[in-house]
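The values are calculated or read from the model by the stated rules, or taken from the named source; none is laboratory data. Here the structure is a predicted model, which is why all the values come from computation and not from measurement. Using ideal geometry, Cβ is built from the backbone for each residue, glycine included, and neighbour counts are taken over all protein chains shown. Side chains are part of the model used for accessible areas, which takes the heavy atoms of the whole protein and leaves out ligands, DNA and RNA. Shrake-Rupley method; radii C 1.70, N 1.55, O 1.52, S 1.80 Å.
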Amino acid sequence: MPAKLRLWLPEPPRPRLYPRRTQRLEPGPFPGVAAHLKVMIVTDAWTPQVNGVVRTLETLGKDLGALGHTVRYITPLGRRTFPLPTYPEIRLALFQRNALTREIKEFAPDAVHIATEGSLGLTARRICLKHGIAFTTAFHTRFAEYVHARFRMVPERVIWRWLRWFHHPATAVMVATQTLKRELAAHGFKHLALWSRGVDIEKFHPMPGERLPYEGPIWIYVGRAAVEKNIEAFLALDLPGTKVVVGDGPAKAAMSRKYPQVKFLGALSGETLTKAYAGSDVFVFPSRTDTFGLVTLEALACGLTVAAYPVEGPRDVVGADVPGGPDVAVLDEDLRKACLGALELARNPRGTTPRAFAESHSWRACTLQFLGNIAVEPDLN
């Protein structure tokens, strides 16, 4: 087995759920990565949801498959579910312990990754601990801030305590940026590992001549229409031209009534989404809570400059310390100033272009990071 592959060495023997692998893992095409792993990914976030977590996991699975690995997703699809309070678009699976136990046993994964802290993630965590199956987790969103924004009576410190409990048994807790890694370490999280994000530069690309049918300049936001995304900070700005919002969510109806001049296009995907990006002038990212913001890279890949607040996520992706960042984005606590500055960059490019910046953030590098983080059960002999 490759020397650099992270191994799980079990502690006390526990009742096995499936037989140990008898065929030795062979080295793969990249140093430190075995070939033909069976990887199980457990996630409460899945289609028809449209968000960065879903796109990240979908793209990861495709790239793992391209490298010769077998991926099995455990998702809410086809299960008994209930809507998440205050967020009915997200559905959580109920009473799935027996089903998940059976699915894990049948698949006999070499590695298990629990991507979310929802009901499926909790159930998979419990099964893995019972049977001594090592697993990794990921910290995709600022869960404490999201919950507190919807349920003010729940103190953030209580949510952080629960999150530490959830992630503590993982052999690695994957995070998208160094900033988030430092923050979680300050909150007492252990075994933190970097797993950055990339963009599908074949799917997202400039489309010369493409233009949304609105008065320019066109300012676009792509993401969930939810209170924690701080979209109204963008919608309330005094800007020339037209504001466009792509995405669905619990706040969409109220915002569309409050801002009738804004074009709400709903959730888009595939080529239609690429056309919306490419047919705009500036991508505006008003969120203060996202840990990365995959949509930022998608917009850059389509040739847009970016306006955002100088907070974690934008700062780590296109901040002043990122090579090429100041050429493609303007970060400012005055979001209107950031927007107008990004428009100036779009009209008068300098240095690195948005497309060239996105091309330097490929998904393959991110997939190899993921493979280096997962816990793979060692060969029998």
Whether any residue in segment 68-88 is assigned to a helix (DSSP H, G or I), in contact with a Phe, Trp or Tyr (Cβ under 9 Å, 6 or more places away or on another chain) and closer than 28 Å to Lys190 by Cα is what I want to check.
no
Give the residues of segment 198-231 that are within 12 Å of Pro286 (Cα to Cα), hydroxyl-bearing (Ser, Thr, Tyr) and either in a loop (DSSP other than H, G, I, E, B) or open to solvent by 10 Å² or more (accessible area, probe 1.4 Å) (or both), sorted by residue number.
none
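For residues that are assigned to a helix (DSSP H, G or I) and aromatic (Phe, Trp, Tyr), scanning just segment 161-192, find the one that is surrounded by the fewest Cβ atoms within 10 Å (Cβ to Cβ).
Step by step, filter segment 161-192, then rank; the result is Trp165.
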Given (1) over 19 Å from Glu210 (Cβ atoms); (2) surrounded by fewer than 18 Cβ atoms within 10 Å (Cβ to Cβ), identify the lone condition not met by Thr272.
(1)
Against the conditions (1) modelled with pLDDT of 95 or more; (2) crowded, with 22+ Cβ neighbours inside 10 Å, where does Ser256 fall short? Just the number, please.
(2)
Conditions (1) of a type in the set (Gly, Ala, Ser); (2) touching a Ser or Thr at 6+ places or on another chain (Cβ under 7 Å); (3) modelled with pLDDT of 95 or more -> Ala45 fails only (3)
Looking at segment 54-67, can you tell me whether even one residue there is out of contact with any Lys or Arg (no Cβ under 9 Å at 6 or more places or on another chain) and modelled with pLDDT under 90?
yes
Read through the list (1) at pLDDT 95 or above; (2) surrounded by fewer than 18 Cβ atoms within 10 Å (Cβ to Cβ), then give the number of the only condition that Lys243 fails.
(2)
How many residues does segment 27-43 hold that are under 28 Å from Ile90 (Cα atoms) and open to solvent by less than 10 Å² (accessible area, probe 1.4 Å)?
5
What about Tyr309, is it in contact with a helix residue (DSSP H, G or I) (Cβ under 9 Å, 6 or more places away or on another chain), more than 14 Å from Lys243 (Cα to Cα) and surrounded by fewer than 24 Cβ atoms within 10 Å (Cβ to Cβ)?
yes
All-but-one check, Arg197 against (1) modelled with pLDDT of 95 or more; (2) within 20 Å of Asp63 (Cβ to Cβ), failing number (1)
Please list, ordered by first then second residue, the pairs with beta carbon atoms under 7 Å, 6 or more apart or interchain, first in segment 363-374 and hydrophobic (A, V, I, L, M, F, W, C), second surrounded by fewer than 17 Cβ atoms within 10 Å (Cβ to Cβ).
Leu368/Phe30
Residue check, Gly303 open to solvent by 10 Å² or more (accessible area, probe 1.4 Å), more than 21 Å from Val227 (Cα to Cα) and in a loop (DSSP other than H, G, I, E, B):
yes
Among Arg20, Arg24, which is open to solvent by 30 Å² or more (accessible area, probe 1.4 Å) and closer than 18 Å to Val112 by Cβ?
Arg20
For the subset of segment 113-126 comprising residues that are more than 14 Å from Leu84 (Cα to Cα) and more than 18 Å from the chain's Cα centre (by Cα), which member is least open to solvent (accessible area, probe 1.4 Å)?
Ala124
Kindly establish whether Val154 is modelled with pLDDT under 90 and among the aliphatic types (A, V, I, L, M).
yes
Any idea which residue in segment 230-239 is farthest from the chain's Cα centre (by Cα), counting only those that are more than 15 Å from Lys263 (Cβ to Cβ) and free of Cβ contacts under 8 Å to residues at least 60 places away in the same chain?
Ala236
Does Val318 qualify as being in contact with a Leu (Cβ under 6 Å, 6 or more places away or on another chain), in contact (Cβ under 8 Å) with a residue 12 or more places away in the chain, hydrophobic (A, V, I, L, M, F, W, C) and open to solvent by less than 20 Å² (accessible area, probe 1.4 Å)?
no
